[in-house]
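Working notes, structure below.
The values are calculated or read from the model by the stated rules, or taken from the named source; none is laboratory data. Values in this document were obtained by computation on a predicted structure and should not be read as measured data. So basically every Cβ, Gly included, is an ideal-geometry build from the backbone, and we count neighbours across all protein chains shown. Calculation scope for accessible area: heavy atoms of the full protein, side chains included, ligands and nucleic acids excluded. Shrake-Rupley method; radii C 1.70, N 1.55, O 1.52, S 1.80 Å.
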Amino acid sequence: MQEQPAAVRRAGAVLGPAVAQARVRLGDPSLLRRVLLVGSGTSHHASRIAAEAFAAAGRQVRAMVPSDAAYAPDLDPGPDLLVVGVSQSGGSTGTLGVLDRARAAGARTVLVTGEPTAVPPPFDAVLDVGCGPEPVGAKTKGFTATVLALLALGRGLDGVDDQVIRAVGGELPELLSDLLVRGSVAAERLTTAGTPGAVHVVTWGVWRPVADEGALKILETSLLPVEVWDVEEFLHGPHRRLSPGSLLVVVGDQDPRGRRADALVRFVRSLGARVLDVRAGGRDVVEPAYAAVALPAAGGPRAEQVLPAVVPLQLLALALTRARGLRPEADPFPDFHRLLGSKTTGATVTRSVQPRGARRAAGT
């Protein structure tokens, strides 16, 4: 987690040439009218944040989990489709299976990964996110590096965008370094009185993918029950689970939906429950049961704006994990992926999923 600023600086140095090479291998980008981003968990959240970067030149862009991509009734692989598989480990069998079948059906394919040497079959291109090894199960710097790699790839399809590369090496590392300090103070203060019975994350609009990612980190490491809701939807039923033992996490900005979140925060605090408020354009506050971590005010590209919000949530996950006497790197089921066939480090790809029409196109 603490390596994220350094990982961002490294990305700024390596992504430009890497994306240019991938673009050459993918061929004429004007022929690619559709883009499908496929990934699971953290990779799916990163894909949703970066999807807009692939929409240049009127491209249709979708971000899907592998099982949905495999059986989407309106998805036919062909030469106008670019399938971007996202797997930090390079071994997610669902994602690799979709890529394998899509390529056999004539689509162009690229794998975005943090471990390019672990990639089993060949694809048209492989893009290393450049963050270095991250052997723990809960990916943190891998998430940040993957978002940046996808942004660079999407905007680089029609020629590498120097502004993107400069932005990666510009203010973002300093902002992440600052958030690692401020977010740690907030997270530690909220966990000094022990752990909550449940964590409720509310968000809205463009902030949803980063809220989903933060909630996943809390669940993966602390093993606490956690859920993510749109702030308005939380008021229509899920609010009944609130109690003095709850922890509410707000992720968003100052738009009108933020006022609804403000009212919810006041109500939760009246119960005696705890709140972490991560808000663009806000201000830092650290109190025994309430902490706010301010993000820069809205402005600039959407993806680069929402990405830093993940850091306070990662730090909260770490603090909750330690407060429960657990280790964030511990895996309660170390043999899980082998038993279920959900990840591989070998050259065999699970072929139980494939896009509609792939069997016909592949002649099987």
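For the reader, a short list of remarks on this structure follows.
- Accessible surface, the chain, averaged per residue in Å² (probe 1.4 Å): 42
- Rounded, prolate or oblate (a/c below 1.5 giving rounded, otherwise prolate when a/b exceeds b/c) for region 233-299 by Cα gyration tensor: oblate
- Summary of packing: across the peptides 45-55, 85-95, the per-residue average of other C-beta atoms within 10 Å ranks them, highest first, as 85-95, 45-55.
- Rounded to the nearest 20 debye, the dipole magnitude of region 1-94 is 300 debye, with +1 charges on Lys and Arg beta carbons, -1 on Asp and Glu beta carbons, and the Cα centre as origin.
- Each residue of region 66-114 gets 58 Å³ once the volume of the Cα convex hull is shared out per residue.
- Anisotropy class assigned to region 1-101 is oblate, per the alpha carbon gyration tensor with a/c at or over the 1.5 cut-off and a/b no larger than b/c.
- Relative contact order [Cα under 8 Å, 6+ residues apart], the chain, whole percent: 23
- Over region 189-282, equivalent-ellipsoid semi-axes from the Cα gyration tensor in Å: 19, 16, 13
- Surface composition of region 201-324: carbon and sulfur atoms hold 54% of the protein heavy-atom accessible area at a 1.4 Å probe.
- Tensor-based shape of the chain (alpha-carbon gyration tensor, a/c under 1.5 rounded, otherwise prolate or oblate): prolate
- Efficiency of FRET from Cβ geometry, D158 and A263, R₀ 45 Å, rounded to 0.05: 0.55
- Sites V286 and A13 - FRET efficiency at Förster radius 30 Å, r taken between beta-carbons, to 0.05: 0.25
- Dividing the convex hull volume of the alpha carbon atoms of region 1-45 by its residue count gives 100 Å³ per residue.
- Taking every alpha-carbon pair under 8 Å whose residues sit at least 6 apart, region 182-303 reaches a relative contact order of 28 percent.
- Highest-first packing order for the peptide set 140-146, 276-282 is 140-146, 276-282, based on the mean count of other beta carbon atoms within 10 Å.
- Calculated on alpha-carbon atoms, Rg and Dmax of region 204-335 in Å: 14.8, 46
- Accessible area of region 1-125 belonging to carbon and sulfur atoms, whole % at 1.4 Å probe: 52
- Residue list for region 1-15, given a label point 7 angstrom along the Cα-to-Cβ vector of D178 and an amide N cut-off under 16 Å: 5
- Theoretical gain in end-to-end length, D331 to E233 [0.36 nm per residue, Cα-Cα removed]: 32.0 nm
- Region 107-114 - phi-based ³J(HN,Hα) in whole Hz, Karplus 6.51/-1.76/1.60, Gly and Pro as x: 6, 7, 9, 9, 9, 9, 8, x
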